[in-house]
Amino acid sequence: MSPQPTAPALPSWLTWWQRPFPDANTLLLPGRQSALIDSGFVGHAQETTAWARSHAGDIDLVVNTHWHSDHVGANALLQAQGAAIAAGAPEAEAIGRRDPGCCAAEYLDQPVAPYTVDIPLDDGQVLRLGDADWQVVRTPGHTPGHLALWQPEERLLVVGDALSDYDVGWVNLALDGPDAATTALSSLERLAGLAPRVLLPSHGPVPADADAALAAALRRAPRRVAAPAGAAAGSYTQLTLPTRVGG
């Protein structure tokens, strides 16, 4: 029997925390500007914050791949401790307006403590995270403001919920419109064009073969375009972000 492939090596200057589903994985980048990418469920906010501080000290910046509640739960606590919050511009604007439905997540009946987005992110913007530069890549589909993060020297790609090692990210046509599945496919094609060495997904393990994981997602995604009724199976819970006190 041939040996099972192993996940590619990660640079020593980052710390990856694969968390049990449905909580979101967390990427920590210690350094001159210590950064956390995604912050898990609100019920685990104290755990997330303690873990991040134990590995990197004070956290300067939290970057959200998107606003679902399993990705932003510790934002408020980290912001209260001095961290700035960065997120895709469309979602940043909605959070700033306190739109009903902010931070909605399928099957997740999770509250979201109020927070403010300090840094709206646009496509192509370069962020200093830890001691390395990362490029913002807009990847709408899973949510309108979904983004990926690309580190070209190491060819690392944080993909959020655009895909994982075992599936393509779901889309919700009821909330995001009939074109969301096509938009998600276009985002996957853009990610594949970067030819990443390592994919860092928000759920599940780091894929042993980034090319194979992207190819599998690209095979599956067109079925959702062709049969959109199955693209948003199940219920979708609306979670309202309360008005921030004094904000």
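The values are calculated or read from the model by the stated rules, or taken from the named source; none is laboratory data. Not measured: the values here are computed from a predicted model. Counting neighbours? That spans all protein chains shown, and the Cβs are built from the backbone with ideal geometry, glycine included. SASA here: full protein model, heavy atoms, side chains in, ligands and nucleic acids out. Shrake-Rupley method; radii C 1.70, N 1.55, O 1.52, S 1.80 Å.
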Please tell me if R190 is open to solvent by 10 Å² or more (accessible area, probe 1.4 Å) and on the phi > 0 side of the Ramachandran plot. no
Options P196, P207, P178; residue that is open to solvent by less than 10 Å² (accessible area, probe 1.4 Å) and free of Cβ contacts under 8 Å to residues at least 60 places away in the same chain: P196
List the residue pairs whose Cβ atoms are under 9 Å apart, where the first residue sits in region 75-96 and is without any contact (Cβ under 8 Å) to a residue 24 or more places away in the chain, the second is in a strand (DSSP E or B), and the two are 6 or more positions apart or on different chains. G96/P120
Among the candidates H66, H71, residue that is open to solvent by less than 10 Å² (accessible area, probe 1.4 Å), more than 24 Å from A212 (Cβ to Cβ) and not in a helix (DSSP H, G or I): H66
Just to be sure, is A50 among the aliphatic types (A, V, I, L, M) and modelled with pLDDT of 95 or more? yes
Set A7, A50, A76, A24: member being surrounded by fewer than 24 Cβ atoms within 10 Å (Cβ to Cβ), out of contact with any Leu (no Cβ under 7 Å at 6 or more places or on another chain), in a loop (DSSP other than H, G, I, E, B) and among the aliphatic types (A, V, I, L, M): A7
For region 143-164, does any single residue satisfy the condition of being open to solvent by 40 Å² or more (accessible area, probe 1.4 Å), under 18 Å from the mean Cα position of the chain (by Cα) and acidic (D, E)? no
Filter region 191-222 down to the residues that are under 16 Å from L10 (Cβ atoms) and in a helix (DSSP H, G or I) and list them by number. A210, A213
Search result, residues across region 32-44 that are open to solvent by 40 Å² or more (accessible area, probe 1.4 Å) and either closer than 10 Å to L129 by Cβ or over 17 Å from the mean Cα position of the chain (by Cα) (or both): R32, Q33, G43
W170 passes all but one of (1) aromatic (F, W, Y); (2) touching a Gly at 6+ places or on another chain (Cβ under 8 Å); (3) touching a residue at least 40 places away in the same chain (Cβ under 8 Å); which number fails? (2)
Open to solvent by less than 10 Å² (accessible area, probe 1.4 Å) and either in a loop (DSSP other than H, G, I, E, B) or at pLDDT below 85 (or both), is that true of V171? yes
Can W17 be described as over 20 Å from T143 (Cβ atoms), free of Cβ contacts under 8 Å to residues at least 40 places away in the same chain and within 15 Å of the chain's Cα centre (by Cα)? yes
Subset of region 104-117, residues open to solvent by less than 50 Å² (accessible area, probe 1.4 Å) and either modelled with pLDDT under 65 or not in a loop (DSSP other than H, G, I, E, B) (or both), comes to A104, A105, E106, L108
Would you mind telling me which numbered condition in (1) crowded, with 22+ Cβ neighbours inside 10 Å; (2) in a helix (DSSP H, G or I); (3) at pLDDT below 95 E93 fails? (1)
